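To start, the structure itself, in structure tokens.
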Amino acid sequence: MLERSGYTKLRVKMILTTLGFSLIPLLILGYTIYRQFEISHTNKILQNLNHITENKRRTLDLFLNERLSQLTAIAYTHRLQYFLEPETFERVFTLLQARSKYYIDLGIIDHNGDHVVYTGPYQTIRTANYKDEEWFQQVQAKGIYISDVFMGRRNYPHFIIAVMRREGDKSWILRATIDSDIFDSLVQSDQLGANGDAFLLNAENILQSKPRFGPRLLGKMDLGAFSRFPGVRSEMIEVGGKQYLFGLAWLENKNWLLAIRDDPTEELMPLKRTRHLVWVILAGGLLLIAGGTVLTSTTIIAQLVRSEREKATLNASLTQSSKMASLGKMAAGVAHEVNNPLAIIKEKAGWMRDLLSEEDLKASPNFKEYEDAITKIEYHVTRAKDVTHRLLGFARRMDPIHEDIDINQVLNQTITFLENEARYRAIEIHTAFQKDLPFVASDSAQLQQVFLNIIDNAIDAIGKDGGITIRTQAVHDPDEVIISITDTGPGISAEKLDKIFDPFFTTKKVGEGTGLGLTISFSIIQKLGGKINVESQEGQGATFIISLPLRKA
């Protein structure tokens, strides 16, 4: 559990570290690209708005300058007496209208403020006096005057352009009325998107041209207080609860503020699309990097787990080899030390049996008990000697003899040693040998010891009424002979299966096995260059599989 927890923590750390080193540069790169695009796009919008505003300001200034130039040229080309003839003044107005449709009417006012001559559709104002009008006072003071838009006696929105000329000690004014509708179309000629607008404001924020949206002409649109400034400015101003981008510029010839409104939501739509695209790319990159990181980390951890398991297996194998080496040394010493006492005990047991043949001892009422005791002593001494002989055989480094061996023949000879025991226990031994089985370069005596151990263990495991099946088969790649010995015994549990070849480990009852038979068999097969494995499930018998290399040509 602790080991699994450690691998889980390592996997999480690897994923987080990899994601951190991968995603942070990606996010920084994405943000930098988006920020640069945002700055570039915003600057482009502002430059475009400033350019349009500047061009519009120049157009309007040019319009007013042209009107002033036309009126100044007319006023200073001829004297007042020339224009007092109505037909003459009508021709001048017709000429102006032919060149420009912006004029509504034209009139001349004397120094007393009276209309001395007039041409236009409003004949009611022909006898009007403007002496008390503000614009009249302004023209008298400045010589040139452009008014704000007003309703006036015409009851129609318009503005006037007036030029004063002096002749001797008297003066007169040439006054023209400009059509505000045509002037509004000039102001709104350049539109920015569906929600864009353009209009003029005076210093009191009174509309001097008709906007597309918002208040009517001469209404108030509060954009804030702007003192006169040179050039063009861009401002974000809230109108009607919504933020708009305005390009602002003051006209040169008139104290009017040109305002060109742009809807930032329209202009910034490509920026929003770019932002969405950046997020989609980042999300896709995130998923791809996260998936790759998880997959890579999982693969690395799995490989690490496999390596650790292989290392643990190798360590266990090295530990086992060390134990086996130590056991071999110990076995030799133990066997040597034990054999001498066993020989003496057996000799004394034989002497005691010889004494039992005397008449006096035969007549003893405990004769039978003496005889049984001696028999048991001899039996257990013999059993102990077998154990020591096995230990000595396990400890000795016996180099195998390499001779050509017919595995089928060796198995048949081994079966003859155990068939009486098997028949007594009602156990049938079946063989399935491959015909023409290739010879094996090995040691027949040692192989027979292995087969005897395994078949004898199978008989003991079955007990009574069962079967043992022995098969041989030659395979290629690698070239080897496979021997399998399967019994119908109770099988081996999973926890015992890994220990089956350990020294002194046995599944038999206490006193019935030493636990050295399979260990010695495992050692013999390894020395012969082969492998031995066991497959078993509890309750379904066991199968020992031995593979031996074929004799080379």
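Each value in this text was obtained by applying a stated rule to the coordinates, not by laboratory testing. Keep in mind that what you see is a predicted model, and the values were worked out from it rather than measured. Cβ: placed from backbone, ideal geometry, glycine included. Neighbour counts: every protein chain shown.
Could I have the simple spin-label model distance between GLN473 and ILE28, label points 7 Å from Cα toward Cβ, reported in nm to one decimal?
6.2 nm
Determine the sum of side-chain charges near VAL294: Lys and Arg each +1, Asp and Glu each -1, restricted to other residues whose C-beta is under 14 angstrom from that of VAL294.
+2
Sorted from fewest to most neighbouring beta carbons within 10 Å, what does the list LEU186, LEU84 look like?
Placing the least packed residue first, the sequence is LEU84, LEU186.
Fewest first, what order do PHE213, PHE451, PHE433, PHE159 take by the number of other Cβ atoms within 10 Å?
PHE213, PHE433, PHE159, PHE451
For ARG154 and ASN202, what does the FRET efficiency come to when R0 = 22 Å and r is the distance between their Cβ atoms, rounded to the nearest 0.05?
Calculated value: 0.70.
Using only alpha-carbon positions, what ratio does the radius of gyration of segment 1-82 give when scaled by 2.2 N^0.38 Å?
After normalising by residue count via 2.2 N^0.38 Å, the value is 2.96.
Near LYS131, which aspartates and glutamates are there with a Cα under 14 Å away, not counting those fewer than 8 places off in the same chain?
By straight Cα distance, LYS131 reaches ASP110, ASP114.
Once you put a point 7 Å from the Cα of ILE300 and another 7 Å from the Cα of TYR379, both along the Cβ direction, what distance in nm separates them?
Taking the simple label geometry, ILE300 and TYR379 are separated by 6.6 nm.
Per DSSP H run of n ≥ 4, the term is -39500 (n - 2.57); total these for the chain, divide by its residue number, and report the mean residue ellipticity at 222 nm rounded to 500 deg cm²/dmol.
-18000 deg cm²/dmol
Under a 5 Å amide H to amide H cut-off, with H placed in plane at 1.01 Å, what residues pair with VAL117 once short-range neighbours are removed?
Hits under the 5 Å cutoff: ILE108.
Can you work out ³J(HN,Hα) from phi for every residue in segment 490-500, in order, using Karplus 6.51 cos²θ - 1.76 cosθ + 1.60 and θ = phi - 60°, giving whole Hz and x for Gly and Pro?
x, x, 10, 5, 4, 6, 8, 5, 6, 9, 4
Neighbour counts of other C-beta atoms within 10 Å: give me TYR34, TYR130, TYR82 arranged from fewest to most.
TYR82, TYR34, TYR130
What is the pair-distance distribution P(r) of segment 219-273, computed from all Cα-Cα distances in 10 Å bins starting at 0, with each bin given as a whole percent?
Histogramming segment 219-273 at 10 Å steps yields 21, 48, 24, 7, 0 percent.
For LYS496, give me every one of the aspartates and glutamates with a C-alpha distance below 12 angstrom, ignoring sequence neighbours fewer than eight places off in its own chain.
By straight Cα distance, LYS496 reaches GLU535, GLU538.
Filter the trypsin sites (Lys or Arg not before Pro) in segment 77-139 to those in DSSP coil with at most 11 other Cβ atoms within 10 Å of their Cβ, and list the result.
LYS101
Looking only at GluC sites (Glu not before Pro) in DSSP loops with at most 10 other Cβ atoms within 10 Å, what is the longest site-free stretch of the chain?
In the chain, the maximal stretch lacking such sites is 1-203.
Return the label of the correct value of Kirkwood radius over Cα pairs in Å, as calculated from the structure shown, out of (1) 27.2; (2) 24.9; (3) 36.2.
(3)
For a 29 Å ceiling on Cα separation, which of these pairs sit above it: LYS348/LYS464; LYS311/LYS385; LYS311/LYS527; LYS435/LYS531; LYS385/LYS435; LYS170/LYS254?
Table pairs above 29 Å Cα-Cα are LYS348/LYS464; LYS311/LYS385; LYS385/LYS435.
What residues from segment 163-199 fall in the zone where the backbone N is under 12 Å from a label point 7 Å along the Cα-to-C-beta line of GLN138?
163
I need the fraction of alpha carbon pairs in segment 398-549 separated by more than 26 Å, rounded to a whole percent.
It works out to 22 percent of all Cα pairs.
Please list, or write none, the aspartates and glutamates whose alpha carbon is within less than 16 Å of the alpha carbon of LYS220, excluding same-chain residues fewer than 8 places away.
By straight Cα distance, LYS220 reaches ASP148, ASP197, GLU204, GLU238.
Could you calculate the contour length gain from LYS499 to GLU403, that is, 0.36 nm times the residue separation minus the distance between their Cα atoms, to one decimal place in nm?
31.4 nm
Once you put a point 7 Å from the Cα of SER40 and another 7 Å from the Cα of SER364, both along the Cβ direction, what distance in nm separates them?
11.8 nm
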